[in-house]
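Here is the structure we will look at, set down as structure tokens.
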Amino acid sequence: MPLDPSRTVAELEELRALTGNDDGAQRVAWTDTWEQARAWLRDKVQPTGAVEEIDAAGNQWFTLQGASDRALLIGGHMDSVPNGGWLDGCLNVVAGIEVLRRIAEEGTPPLTVRLVSWADEEGARFGRSLFGSSAAAGSMRDQDELRRLTDRDGIALPDALREHGVDLDGALEARSQLENAAAYLELHIEQGPVLEALDLPLGVVLGTFGVERSRITWHGQAAHAGSTPMDARRDALAGAAKLALAIRGIAGEVGDGAVCTSGGVVCRPGIVTSVVETAEQLLDQRHLDAAKLARLLELAKEASDRFAAEENITVDWERIWNIEPILFDGELIELADESIREVAGASHRLPSGPLHDAAEVSRAGVPTVMLFVQSLRGLSHTKLEDTKREHLELSVLALDHLASKTLAASA
Ligand SMILES: [Zn+2]
């Protein structure tokens, strides 16, 4: 059975009809519709002879035994957000079925080949993303918080998981799944506008952005809006406003894809008749390079001290959350680049703004790479999410080339 990328598109449409409605995809993890998608996947993979296993975290694995126990992993996620797109996550799983078919047809592969559908990548029901992949990677550290999470209807996460055969306390046993992993490949829609703007179907992902999130509190003095002369004011909002504009220049100065967002400012007392006494500002900064990410933060702090002095106010910084950049494997990036050039003529290297299961697998020390296929209008997490049919077919072909090259390089 030679590779047939058009069958992948037909199967994605079949899955959309089975698990979506007029509002979009409804494959939210730990629901009946998600189980339906998993049963559909089981039926599709069965003829390849790959053996199914659901691990301790609910991840669904299909294993085609090779000459060696060392394994090439291909992974994605069948779950979606509510009213989601038809491609986010499941594209790679369904493309992976086609690659598995092609490899199975050719006889025993040199390495074992495993297709995985990670459980609950989106975190749509309980607000915790990358559940299954973080359990397999061993990076899940928040079991106590997970125990307390409830959905909109008040159902606790451990109870919902139990209904789908997963015991939260044992989820980390999924770690054994990555023991023999030689490489991990993930194809995903870009979910952004870069490849479309370049008029390229496919790109290689260099890694996922590191993130610094800060809460910045500016302290001034509340004073009457009518009786306080302009030069006698200590206006906390003035500091926040200056910084909100200054981060544009800071992102430009650091460059190489740096992004900075002042996502919100809350003012107190927040009434029309008073100068602002405190302004609480949220800042999100991202970069693929750890040193440049640190520089973004340092420049923003320096600027804030300057603005505080200019406005005769004070400023405090608090880190809310941060994560290091996760860089994918250099050798696999080269193989991915070659694969894309073979099928599409030209390639492009880009970072990923969103996190993906691949970031967890990479953090666990497994050589990892991702392929992005162009997203129309950069839209995702909406029923408007779409990719040209010919680009989807090229993406299946590129994944197949990459799987072959990785098997040859790892054997
Ligand atoms: Zn996804």
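The values are calculated or read from the model by the stated rules, or taken from the named source; none is laboratory data. Quick caveat, the model's predicted, so the values are computed rather than measured. With ideal geometry, Cβ positions are generated from the backbone for all residues, glycine too; neighbour counts draw on all protein chains shown. Quick note on the areas: whole protein, heavy atoms, side chains included, nothing else; ligands and nucleic acids left out. Shrake-Rupley method; radii C 1.70, N 1.55, O 1.52, S 1.80 Å.
Gaussian network model of the chain, Cα springs within a sub-10 Å range: biggest mean-square fluctuation belongs to which of VAL93, VAL28, VAL275?
VAL275
Tell me, what % of the accessible area of the chain is carbon and sulfur with a 1.4 angstrom probe?
Taking all protein chains in place, the chain shows 49 percent carbon and sulfur surface.
Can you tell me which of SER68, SER352, SER362 moves the most in a GNM of the chain? Springs connect C-alpha atoms under 10 Å apart.
Maximum fluctuation in the GNM of the chain, among the listed residues, is at SER68.
Let me know the whole percent of all Cα-Cα pairs from the chain that are separated by more than 39 Å.
Value for the chain (Cα pairs over 39 Å): 26 percent.
Could you check the simple spin-label distance between THR150 and ALA10, using points 7 Å along Cα→Cβ, in nm with one decimal?
4.8 nm
Quick one: 3J(HN,Hα) in Hz for the range 203-213, Karplus 6.51/-1.76/1.60 with θ = phi - 60°, rounded, Gly and Pro as x.
Once θ is set to phi - 60°, the couplings for the range 203-213 become x, 9, 8, 7, x, 10, 4, x, 10, 10, 10 Hz.
If you take the beta carbon distance between ASN21 and THR314 as r and set R0 to 35 Å, what does 1/(1 + (r/R0)^6) give as a FRET efficiency, to the nearest 0.05?
0.10
Considering only DSSP beta bridges with both partners in the chain, what is the antiparallel share in %, to the nearest 5?
70 percent
What is the mean projected area of the alpha carbon convex hull for the range 172-268, to one decimal in square nanometres?
Here the figure is 12.1 nm², rounded to one decimal.
Tell me the angle of helix 5-19 to the major Cα principal axis of the chain, expressed in degrees between 0 and 90 and rounded to the nearest ten.
Long axis of 5-19 versus the principal axis of the chain: about 70 degrees.
Kirkwood hydrodynamic radius, the range 103-240, all distinct C-alpha pairs: what's the number in Å?
20.6 Å
With everything on Cα atoms, drop me the angle between helix 236-254 and the longest principal axis of the chain, reported from 0 to 90° to the nearest 10.
50 degrees
Expressed as a rounded percentage, what relative contact order does the chain have, with Cα pairs under 8 Å and six or more residues apart?
This gives 22 percent for the chain.
Using Cα springs under 10 Å in a Gaussian network model of the chain, which residue among LEU198, LEU296, LEU243 shows the largest mean-square fluctuation?
With Cα springs under 10 Å in the chain, the top fluctuation among LEU198, LEU296, LEU243 is at LEU198.
For the range 41-107, just the Cα atoms, rotate onto the principal axes and tell me the three extents in Å, largest first.
42, 27, 20
Using the charge dipole of the chain (Lys, Arg: +1 at Cβ; Asp, Glu: -1 at Cβ; taken about the Cα centre), state which of LEU130, GLY249, TRP118 has its Cα farthest towards the positive end.
Looking along the dipole axis, the top candidate is GLY249.
Taking every alpha carbon pair in the range 116-171, what does the distance histogram look like in 10 angstrom bins from 0, in percent?
The percentages, shortest bin first, are 23, 65, 12, 0.
Just reorder MET140, MET230 by solvent-accessible area, largest first, 1.4 Å probe, all chains present.
MET230, MET140
LEU187's amide H: which non-local residues (gap 5+, or another chain) put their own amide H closer than 5 Å, with H modeled 1.01 Å from N in plane and none for Pro or chain starts?
GLY75, LEU371
At 222 nm, what helix-only mean residue ellipticity would the chain give, in deg cm²/dmol to the nearest 500, using -39500 (n - 2.57) for each DSSP H run of four or more?
Mean residue ellipticity, 222 nm, calculated: -12000 deg cm²/dmol.
Please state the Cα pair-distance histogram of the range 232-278 with 5 angstrom bins from zero: what percent is in each bin?
Going from the shortest bin to the longest, the percentages are 5, 20, 23, 17, 13, 10, 7, 4, 1.
Could you please tell me the mean projected area of the C-alpha convex hull for the range 361-411, averaged over all directions and given in square nanometres to one decimal?
The orientation-averaged projected area of the Cα hull of the range 361-411 comes to 4.8 nm².
Around LEU111, which amide H atoms from residues at least 5 apart in sequence, or from another chain, sit under 5 Å from its own amide H, with H modelled in the peptide plane?
Answer set, sorted by chain and number: ALA67, SER68.
Report, to the nearest 10°, how far helix 330-344 tilts away from the longest principal axis of the Cα atoms in the chain, using its own Cα long axis and a range of 0 to 90°.
The answer is roughly 70 degrees.
Would you mind computing Rg(Cα) / (2.2 N^0.38 Å) for the range 269-411, counting N as its residues?
Dividing the Cα Rg of the range 269-411 by 2.2 N^0.38 Å gives 1.52.
How large is ³J(HN,Hα) for each residue in the range 364-370, as worked out from phi by the Karplus curve 6.51 cos²θ - 1.76 cosθ + 1.60 (θ = phi - 60°), to whole Hz, x for Gly and Pro?
Those phi angles translate into 7, x, 8, x, 9, 8, 10 Hz.
Suppose a student asked you for the relative contact order of the range 218-366, using Cα pairs under 8 Å spaced at least 6 residues apart; what percent would you report?
So the answer I get is 25 percent.
Could you do me a favour and compute the accessible area per residue for the range 94-210, 1.4 Å probe, result in Å²?
38 Å²
Using the beta-carbon distance between HIS348 and LEU384 and R0 = 30 Å, what value does 1/(1 + (r/R0)^6) give for FRET efficiency, to the nearest 0.05?
0.80
Quick one: putting +1 on the C-beta of Lys and Arg, -1 on the C-beta of Asp and Glu, what dipole do you get for the chain around its Cα centre, in Debye to the nearest 20?
With Lys and Arg at +1 and Asp and Glu at -1, about 720 debye.
Roll a 1.4 Å probe over the protein heavy atoms and report the accessible area of HIS348 in Å², nearest 10.
My reading of the accessible area for HIS348 is about 60 Å².
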